[in-house]
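Before any comments, here is the structure.
The values are calculated or read from the model by the stated rules, or taken from the named source; none is laboratory data. Given the structure is predicted, the values throughout are model-derived calculations rather than measurements. No Cβ is skipped: glycine too gets one built from the backbone with ideal geometry, and neighbour counts run over all protein chains shown. Accessible surface is based on the protein model in full, side chains and every heavy atom, while ligands, DNA and RNA are left aside. Shrake-Rupley method; radii C 1.70, N 1.55, O 1.52, S 1.80 Å.
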Amino acid sequence: MIAIYPGSFDPVTNGHINIARRSAAIMERLIVAVLDNPHKTPLFSVDERVAMLREVFCNDSNIEVDVFSGLLVSYAGMKGINAIVRGLRGPDDLQNELPYAIWNRQLSLGLAKPLETMYFTAEPAFAHISGSIVKEVAAHIYQGGLDDKIISQAVPAVVLTALKDKYSASRMQ
Ligand code: ADP
């Protein structure tokens with residue numbers, strides 16, 4: 001089975017990495033795909049997000065990193081993907097996810113491989129982590145010159161450095 005793990009990954013967190021590796025362990029191939037969404041203003045550019053993801057997964061032989069825009073189903077059809085991987089941190093994630101899963105299933109029925117959405121439950125140690133909270137807390141920590149231990153537990157080293165660079169630079173201004 002070839003699966004896609006789509007998301008904004010702004011930035012990639014230890015929660016995302018956990019879901020990617022657990023799903024890749026039972027798939028032939030996993031494509032971690034950054035959604036290039038023109039309606040959102042991310043902290044990290046698509047190129048920065050892709051570079052961080054590629055560094056994180058450089059030793060995972062069946063995980064690759066790509067970018068897509070537009071309909072997920074069109075990208076999936078082009079790549080021969082048959083499953084979508086998503087992570088569930090709690091009931092809100094499920095509530096938000098369900099309509100997308102139903103739409104994606106319906107939209108994909110004409111494809112050679114109609115899509116299934118597969119959910120992986122968050123590891124309790126990571127269930128409180130989201131890209132947006134990480135950014136919010138990191139901004140306060142780096143702009144206030146505080147200890148970043150709590151951020152280092154939530155993101156990989158490459159992201160920690162990138163967050164520090166972004167927010168320490170805004171502190172200087
Ligand atoms: P976020 O919600 O953190 O901004 P994304 O939009 O990139 O992240 O989410 C991509 C997918 O990863 C979604 O299915 C989301 O539920 C899941 N996810 C995000 N953070 C975690 C986490 N800490 N543990 C498990 N799954 C997660």
(Q) Using alpha carbons only, how many angstrom separate the centre of region 104-173 from the centre of region 7-36? (A) 11
Q | Estimated 222 nm signal from helices in the chain, with DSSP H stretches of n ≥ 4 weighted -39500 (n - 2.57), rounded to 500 | A | -14000 deg cm²/dmol
Q) About its Cα centre, what dipole magnitude does region 57-173 give when the only charges are +1 on Lys and Arg Cβ and -1 on Asp and Glu Cβ, stated in debye to the nearest 20? A) 180
Q) Helix 131-143 versus the longest principal axis of the chain: what is the Cα-based angle in degrees, 0 to 90, to the nearest 10? A) 10
Q: With everything on Cα atoms, drop me the angle between helix 91-107 and the longest principal axis of the chain, reported from 0 to 90° to the nearest 10.
A: 40
Q) If you wrap a convex hull around the Cα atoms of region 74-163, how much volume per residue is inside, in Å³? A) 123
Q: Report the calculated FRET efficiency for VAL137 and ARG21 (r = Cβ-Cβ distance, R0 = 22 Å), to the nearest 0.05.
A: 0.35
Q: Please work out how much length the chain gains when fully extended from TRP103 to THR41, using 0.36 nm per residue of separation minus the C-alpha to C-alpha distance, in nm with one decimal.
A: 19.8 nm
Q. Roughly how many percent of the accessible protein surface of the chain is carbon and sulfur, given a 1.4 Å probe and a whole-percent answer?
A. 56
Q | Convex hull volume per residue for region 2-126, taking Cα atoms only, in Å³ | A | 106
Q. Quick one: helix 14-24 against the long Cα principal axis of the chain, what's the angle to the nearest 10°, folded into 0 to 90?
A. 30
Q.
Taking 0.36 nm per residue of sequence separation and subtracting the Cα-Cα distance, how much length would be gained by fully extending the chain between SER168 and THR121, in nm to one decimal?
A. 13.5 nm
Q) Computed over the Cα atoms, what is the radius of gyration of region 131-172 divided by 2.2 N^0.38 Å, N being its residue count? A) 0.99
